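Here the structure is laid out as structure tokens; the discussion comes afterwards.
The values are calculated or read from the model by the stated rules, or taken from the named source; none is laboratory data. Here the structure is a predicted model, which means the values were calculated and not measured. Positions of Cβ are generated from backbone atoms using ideal geometry, with glycine treated the same way; all protein chains shown enter the neighbour counts.
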Amino acid sequence: MNSNGDSIPSKEARERISSLLRSARSTIHPLAKTLGPFTRQERRVGRPITQDEVAEACSISRQWYLSLEKGLAVKASVGVLDRIASVLMLSDVERSELFILAIPELATLKKGSGAGQGPQTVHFLGLTASRLWSAASEVEALSTKAAALIALIRPARKQDTP
């Protein structure tokens, strides 16, 4: 754990994350037109997938992704891990491994579950986190729209009353 009480993956886990990410990035064919849900720029099609391109597709900084891929001690959220797994088109097994390695607390889920249940549990948690993230974003957007509507209505009411 670091000074904030957050768990950082062990050196061995970070090395495995590094290997997994580099391998996944290198196996994507240069002619691929998409990276998961992200459409590649036409000028990049035909070229190997770069760290910069993965970072851009995941909406994270290149420096942060580079740190993760180099095996440096960084903490990743479930949402970021989910985006990375989607962009790199990881299999369910690879996705589960990424989550378990990057979030040390999930290793206890893997150990405590029945045979073969760990990867499914981690995959489910990743999907649930993505849905919650989307729901939170939608609520925030609706709240912002509601506040704007209220701001428009209130001045009109003040003008109507003497």
Which residue pairs have Cβ atoms closer than 8 Å, lie 6 or more positions apart in sequence or on different chains, and pair a first residue in segment 69-81 that is surrounded by fewer than 14 Cβ atoms within 10 Å (Cβ to Cβ) with a second residue that is modelled with pLDDT of 90 or more and outside any loop (DSSP other than H, G, I, E, B)? Leu72/Arg14; Ala73/Arg14
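Residues are listed down the side, and each one gets a yes or a no for (1) in contact with a Gly (Cβ under 9 Å, 6 or more places away or on another chain); (2) among the hydroxyl-bearing types (Ser, Thr, Tyr):
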residue: Lys11; (1), (2): yes, no
residue: Ser18; (1), (2): yes, yes
residue: Leu21; (1), (2): no, no
residue: Pro37; (1), (2): no, no
residue: Gln41; (1), (2): no, no
residue: Arg44; (1), (2): no, no
residue: Arg47; (1), (2): no, no
residue: Leu81; (1), (2): yes, no
residue: Leu106; (1), (2): yes, no
Would you please list the contacts, defined by Cβ atoms under 8 Å and residues six or more apart or on different chains, that run from a residue in segment 17-44 that is more than 27 Å from Leu72 (Cβ to Cβ) and in contact (Cβ under 8 Å) with a residue 12 or more places away in the chain to a residue that is exposed (fewer than 13 other Cβ atoms within 10 Å of the Cβ) and polar (S, T, N, Q)? Lys33/Thr39
If you take the residues in segment 55-68 that are aliphatic (A, V, I, L, M) and out of contact with any strand residue (DSSP E or B) (no Cβ under 6 Å at 6 or more places or on another chain), which one is surrounded by the fewest Cβ atoms within 10 Å (Cβ to Cβ)? Leu66
What helices (runs of 4 or more DSSP H) lie completely within segment 7-115 and have 2 or more residues being at pLDDT 85 or above? 11-27, 51-58, 62-70, 78-87, 92-102
